[in-house]
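Below: one structure, written as structure tokens.
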Amino acid sequence: MLNDMGMVKGILQTRPSLGSWKSFLQENPLDIRRPYIALGVPKQLAGTTLLGRPSRPPHYRYQNAQPEPTNTEGHGQLLEAIQKSRS
């Protein structure tokens, strides 16, 4: 149920035009997954942040220590996939 509520929240945040999915949801109010995917809500949410702006690193690091990147092969593949999906 928590995942379903997250999907409802995503639909409310992105405000897509429901079209024919409106009658589907009225008949099947617990089947939110299909319209969530079909309306492209995940793609819309992926380009947003909760703050409405890019996040910034916190400025309260101990002795100004900076995190060390732990980029792995999988991380590189993920970044390539993201870049391909945006172009």
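The values are calculated or read from the model by the stated rules, or taken from the named source; none is laboratory data. Keep in mind the model is a prediction, meaning the values are calculated, not measured. Counting neighbours? That spans all protein chains shown, and the Cβs are built from the backbone with ideal geometry, glycine included.
Output the number of residues of segment 1-22 satisfying the condition of being closer than 14 Å to T48 by Cβ, surrounded by 11 or more Cβ atoms within 10 Å (Cβ to Cβ) and aliphatic (A, V, I, L, M).
Qualifying residue count, segment 1-22: 1.
List every residue pair whose Cβ atoms sit under 6 Å apart, with the two residues 6 or more apart in sequence or on different chains, where the first one lies in segment 40-57 and is in a helix (DSSP H, G or I) and the second, anywhere, is modelled with pLDDT of 65 or more and not small (G, A, S).
Pairs that qualify, where the first residue is in a helix (DSSP H, G or I) and the partner is modelled with pLDDT of 65 or more and not small (G, A, S), are V41/I11; V41/T14; Q44/T14.
With the requirement that a residue be at pLDDT below 85 and of a type in the set (K, R), what does segment 2-55 give you?
R53
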